[in-house]
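Peer 1: Below you will find the structure I want to go over with you.
The values are calculated or read from the model by the stated rules, or taken from the named source; none is laboratory data. All of these numbers come straight from a predicted model, not from anything done at the bench. For neighbour counting, all protein chains shown are included, and Cβ atoms are generated from backbone atoms with ideal geometry for every residue, glycine included.
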């Protein structure tokens with residue numbers, strides 16, 4: 001299993017279903033989403049996923065889960081590019097944790113940049129970037145501690161274990 005960093009920039013894409021999905025998460029339901037992975041072809045079913053909010057404050061990790069499909073290509077998520085025939089790679093992800101993107105909830109960019117991995121780019125220009133194993137191991141521990149402080153537990157299903 002590999003670990004990947006996916007990104008969401010509200011300035012580039014309006015996540016219209018986010019309020020509904022936050023409500024579903026609060027009610028104990030996995031959030032199943034199609035997510036862009038730019039040009040990546042290596043992501044596979046079962047890989048670990050983290051979602052980084054970028055573009056606007058607060059910036060930080062707001063979700064984690066498992067990839068539930070291999071990479072596939074469809075029309076670009078940007079309607080202008082899609083209209084011009086643009087395509088993009090995607091995967092499906094089951095988010096077992098989905099945090100409201102407000103101050104005090106996200107594992108912040110500042111906290112991530114304080115980890116002992118100066119080579120890790122937490123603000124990539126595209127989505128679906130590999131998180132090296134040594135970084136992923138520490139990130140998992142830090143994320144788990146962050147969720148404990150917030151008193152949030154990942155939703156567990158037979159497919160997310």
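Peer 1: How many residues are under 14 Å from residue 143 (Cβ atoms) and part of a strand (DSSP E or B) when one looks only at region 94-127?
Peer 2: Going through region 94-127 one residue at a time, the tally reaches 6.
Peer 1: Filter region 130-156 down to residues that are in contact with a strand residue (DSSP E or B) (Cβ under 8 Å, 6 or more places away or on another chain) and either at positive phi or at pLDDT below 95 (or both), then give me how many there are.
Peer 2: Residues in region 130-156 being in contact with a strand residue (DSSP E or B) (Cβ under 8 Å, 6 or more places away or on another chain) and either at positive phi or at pLDDT below 95 (or both): 4 in total.
Peer 1: In this structure, does residue 98 turn out to be touching a residue at least 24 places away in the same chain (Cβ under 8 Å), farther than 16 Å from residue 4 by Cβ and in contact with a helix residue (DSSP H, G or I) (Cβ under 6 Å, 6 or more places away or on another chain)?
Peer 2: On the way: touching a residue at least 24 places away in the same chain (Cβ under 8 Å): yes; farther than 16 Å from residue 4 by Cβ: yes; in contact with a helix residue (DSSP H, G or I) (Cβ under 6 Å, 6 or more places away or on another chain): yes.
Yes: the conditions hold for residue 98.
Peer 1: Mind listing whichever residues of region 75-92 are touching a residue at least 40 places away in the same chain (Cβ under 8 Å) and more than 17 Å from residue 130 (Cα to Cα)? Break it down stepwise before answering.
Peer 2: The initial filter retains those residues of region 75-92 that are touching a residue at least 40 places away in the same chain (Cβ under 8 Å), namely 77-78, 88-92.
Residues satisfying the conditions are 77, 78, 88.
Peer 1: With the requirement that a residue be exposed (fewer than 13 other Cβ atoms within 10 Å of the Cβ), more than 18 Å from the chain's Cα centre (by Cα) and over 24 Å from residue 31 (Cβ atoms), what does region 112-161 give you?
Peer 2: 114, 116, 118, 119, 134
Peer 1: With respect to residue 69, determine if the residue is under 23 Å from residue 138 (Cα atoms), out of contact with any helix residue (DSSP H, G or I) (no Cβ under 6 Å at 6 or more places or on another chain) and either modelled with pLDDT of 95 or more or surrounded by 14 or more Cβ atoms within 10 Å (Cβ to Cβ) (or both).
Peer 2: So residue 69 fails the test.
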